[in-house]
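What follows draws every value from the coordinates through simple rules; no lab data is involved. This is a predicted model, so every value here is computed, not measured. Virtual Cβ from ideal backbone geometry, glycine too; neighbours counted across all protein chains shown.
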Amino acid sequence: MERQKLSCFIIVCNEADRIEPCLQSLAGWVDQLIILDSGSTDGTVEIAQRYTQEVYQTDWPGFGPQRNRALAKCRYDWVLNIDADERMTEELRDEIDKTLSQPHLNANLIQIPWRTFLFGKALRFGRYSSPQGKLFKREGVAFKDRQVHETLLIPNEVALTLKAPLLHFSWRSYQHVQEKHLKYACLLAQQKFDAGKRSSIKMAVIRFFLDFLQQYILRLGFLDGWRGFLMAVILGQYAFHKYAALVALQNKDSDAK
């Protein structure tokens, strides 16, 4: 049986230094390739246009709304959503082909193992090794309307998990690791603040240690050596920044009254 047709979308901004390997791993394999760019100034758009005619330039409404915009442009029942810092492997493409060729496939969400690289080596344990729901059936699906950590909402979810991994090169440098996590932490703090949630520096400190221990001990990050320790510290910092930024928003709001 022939594989069911597949749409793929990527949302991007200033990814010229790393988007081409991603596009090379998709071109000629997916049946529709959609790129939504939100103001790149580094040649990302020109690179994308070499791989697909469906390159759209938009404003930036946040991760959730932007993914929903891209999803609305998908023509086929099955949709693959990956990022510019991710790459398909031949083994993963073959496994997806076989899965979407099954005559009685009853899943509507297909989770793909993440092989995330930190400074030249893949993390085998912890948060960044968890399977990701990157491939799904489009009917009734939407992304949660959030600025960041935009959960995929699937009615009557039936999931299966593949074996072949998706390669993930999330961070360009140590500085980029810290900048990316700080940016996301501040966005999440704003979400919490807008939802009426409040915090304290004491809570921020507690969350640093809890998230560090969860990543390093409970999720076996210590088995990744110094990279596992570093990632546990970074995720502890990420948690601290979320709640410290929320405290800052509270104080700013109080000062304005």
Rg and Dmax of region 174-255, Cα atoms only, in Å: 13.6, 46
Estimated [θ] at 222 nm from DSSP helical runs (n ≥ 4, -39500 (n - 2.57)) normalised by residues in the chain, nearest 500: -12000 deg cm²/dmol
Simple spin-label estimate for residue 20 and residue 183 in nanometres, 7 Å along Cα-Cβ: 2.2
Rough spin-label spacing in nm, given labels placed 7 Å along Cα→Cβ, for residue 124 and residue 5: 4.3
Region 96-148 and region 47-93: distance between their alpha carbon centers, rounded to Å: 14
Ratio Rg/Rh, restricted to region 15-114 and using Cα atoms, in which Rh is the Kirkwood radius: 0.97
Chain lengthening between residue 202 and residue 222 when straightened (0.36 nm per residue, less Cα-Cα): 4.6 nm
Per-pair calculated FRET efficiency, R0 = 22 Å: residue 190 and residue 233 via Cβ, rounded to 0.05: 0.35
Between helix 201-213 and the chain: long-axis angle, C-alpha atoms, 0 to 90°, nearest 10: 50
Cα convex hull of the chain, projected area averaged across orientations, nm²: 15.1
The chain: angle of helix 225-255 to the longest principal axis, Cα-based, in degrees nearest 10: 60
Separation in nanometres of the label points that stand 7 Å from Cα toward Cβ, at residue 89 and residue 144: 3.0
Contour minus Cα-Cα distance for residue 104 and residue 159 (0.36 nm per residue): 18.4 nm
Helix 174-194 vs. the chain, principal-axis angle (Cα, 0 to 90°, nearest 10): 80
Coarse-grained scattering of region 81-203 at q = 0.09, 0.11 Å⁻¹, given as base-10 log I(q)/I(0) from a Debye sum over alpha-carbon atoms: -0.34, -0.50
